[in-house]
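Input: a single structure, listed below in structure tokens.
The values are calculated or read from the model by the stated rules, or taken from the named source; none is laboratory data. Computed from a prediction, not measured in an experiment: that's the story for all the values here. Don't worry about glycine lacking a Cβ; one is built from the backbone with ideal geometry, like all the others, and counts go over all protein chains shown. The protein model used for the area step is the full one, side chains on, heavy atoms only, and it has no ligands, DNA or RNA in it. Shrake-Rupley method; radii C 1.70, N 1.55, O 1.52, S 1.80 Å.
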Amino acid sequence: MIFSPAITRLIEALRRLPGIGPKTAQRLAFFVLSMRKEDVEEFAHALLDAKKRVRQCSRCFNLTEEEVCSICRDPRRESTLLCVVQEARDIYVIEKTGQYRGLYFVLHGALSPLEGIGPEELKIPRLLQRLQEGEIKEVIMATNPNVEGDATAFYIAESARPLGVKVMRIGFGLPVGGDLEYADQLTMSRALEARREMF
Amino acid sequence: MSRLIKAGALVLRARRLGEKDKLLTLFSPEIGKAGARAPGACNVKSKLAAGAEPFTFANFLLYRGKSLYTISQLEVKKSLVGIRGNIRGYALGLYMAELVEKTVEEGEAFPAIYRLLAECWHLLNEQKGDGDILARFFELKMLDLLGYRPHLDNCVFCGQAKAPFYWNNSCGGIFCGNCARGRTRMALSAGTLAFLRSLQAMPAGKVIKMRAPTGQKRELREILRHFLGYWTGIESFKTQDFLRKISDE
Ligand SMILES: [Zn+2]
Ligand SMILES: [Zn+2]
């Protein structure tokens, strides 16, 4: 079936989203075309507006509309405790437990030899710089409980060793695999409680 | 033929697929290299999650689809978790996986390569010996198993066995001073040649005893990298880029 150029362009744009195959992209495109004009405008506006306003916090690289995010600005948070996560969305998984009162640091990924993603492609140099400043006394590595997340945590722990910072790893017990974003509140709470020093 | 099959396999690679699934590259002594979807494996509570990762040995129950298998069940036999503790060993292990993934055809059973990879992964997991030397050993054995064994005993052209010897990628081995005339060549030091010969002849278990100075290790790495590239046609490895990034050489 041949679509008009505008429809083809829309389908192609939708296909760039993760988890959207050609069939789903077509279905979504036709759905968009069936929507009211005002709703489509609101949709397009929301996309542009979010993209324009949201940026990375200059301290922790969480997503924020400010220069520094609300967590970093909160004086009630424990400023000597830093929890390192792979993605900004992982912060919400940990915040939901209500158990953690320190600050965060977002790596924006994990070390991945097969994708060629090294320390420089992530925020690892910035993290080590932050640890060098000396205020952080304890780091909790909350990268994903899988091979990549573990390898990343060990790499950071090893690099931070000369700095004399205590580095902990959240504990899931046995190797579990999977991504933190899918951990429910109870699982996440337990993993935080079961954290252990890495070396 | 039944569409449900059982196979023991190791996981070469795991990629995210869609919302919560993973796409695995399995390598099995029975069915060879195969792509398999692990539904829901991104979820920490999934029964498949723990096995849907590189450095895992497991028994799989696979449902055969049009182009991919779908994992219906898996039972982890061994997870090499020690590899995660050392970034270099981790990257070298994945380099071996990438080399297998790029040289072995889909569905082609290759039990000898399976055994080689399993053996080398176990050694990396135990963090014994020098990982880089183990990687050179792995490359030499892979060349051997793929039919590109470099000839290191004597001159490939005239058979004489007296040093010095020279090397280039396209000749498939070492050659003597007389045969070197008119050919592109690099000199191969006696020490490096001896090292290559012993790696080529020894079993994996002995490699952990081998040591070499940094300069020689770099020389061995470059020689084999170019040779491998020439004969397999693989120009680059993501895992080698990564190794360069974490190298403090
Ligand atoms: Zn922040
Ligand atoms: Zn000769």
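Remark: the protein assembly as shown is approximated by an ellipsoid whose semi-axes, taken from the C-alpha gyration tensor as √(5λ), come to 44, 29, 23 Å, largest first. Counting only the Cα atoms, segment B:162-240 fills a convex hull of 118 Å³ per residue. Interface residues of segment B:37-61, defined as those with an accessible-area decrease of at least 30 Å² between the chain by itself and the complete set of protein chains (probe 1.4 Å), are B:C42, B:V44, B:K45, B:A50, B:E53. Taking 7 Å steps out from each Cα toward its Cβ at A:V54 and B:E19 produces label points 1.9 nm apart.
Among A:D179, B:D248, the order of accessible area from largest down is B:D248, A:D179, computed with a 1.4 Å probe on protein heavy atoms.
Dividing the convex hull volume of the alpha-carbon atoms in segment A:61-197 by its residue count gives 110 Å³ per residue. Evaluated at q = 0.11, 0.18 Å⁻¹, a Debye calculation over the C-alpha positions of segment B:83-246 (equal weights, vacuum) places log10 I(q)/I(0) at -0.45, -1.17. If you wrap the Cα atoms of segment A:5-53 in a convex hull and average its projected area over all directions, you get 3.7 nm². For helix A:37-53, what angle does its Cα long axis make with the longest principal axis of chain A, in degrees from 0 to 90 and rounded to 10? The helix A:37-53 is inclined about 30 degrees to chain A. Going down the table (B:K33/B:K141; B:K78/B:K128; A:K166/B:K77; B:K102/B:K141), which pairs top 24 Å between alpha carbons? Listed pairs above 24 Å: A:K166/B:K77. Listed by chain and number, the aspartates and glutamates whose C-alpha is less than 16 Å from the C-alpha of B:K217, apart from same-chain residues fewer than 8 away, are B:D130, B:D132, B:E139, B:D248, B:E249. Considering only protein heavy atoms and a 1.4 Å probe, what is the carbon-and-sulfur percentage of the accessible area of the protein assembly as shown? C and S fraction of accessible area: 52 percent.
Surface exposure of chain B, expressed per residue as accessible area with a 1.4 Å probe, stands at 45 Å². Its residue count N sets the reference 2.2 N^0.38 Å, and the alpha-carbon radius of gyration of segment A:1-106 equals 1.49 times that reference. Extension gain for the segment B:K47 to B:I246, taken as residue separation times 0.36 nm less the Cα-Cα distance, is 68.3 nm to one decimal.
Largest to smallest in accessible area, the residues A:M35, B:M96, A:M198 fall in the order A:M35, A:M198, B:M96 (1.4 Å probe, all protein chains included).
Dividing the C-alpha radius of gyration of segment B:4-79 by 2.2 N^0.38 Å, with N its residue count, gives 0.94.
Which of rounded, prolate or oblate describes segment B:109-159 when judged by the alpha-carbon gyration tensor and an a/c cut-off of 1.5? Oblate, since a/c reaches 1.5 and b/c is not below a/b. With the simple model of a label 7 Å out from the Cα in the direction of the Cβ, A:R196 to A:R36 spans 5.8 nm. Taking the DSSP bridge list for segment A:61-197 and keeping only pairs wholly inside it, about 20 percent are antiparallel. Normalise the Debye intensity by I(0) for segment B:1-131, one equal point scatterer per Cα, no solvent, then take log10 at q = 0.14, 0.15, 0.22 Å⁻¹ and round to two decimals. For segment B:1-131, the Cα-only Debye profile gives -0.58, -0.66, -1.37. With Cα atoms as the point set, segment B:149-190 shows a radius of gyration and Dmax of 8.8, 24 Å.
Taking segment A:1-135, how many lysine pairs are there with alpha carbons less than 25 Å apart, if each pair must be eight or more places apart or span two chains? For segment A:1-135, the number of qualifying lysine pairs is 6.
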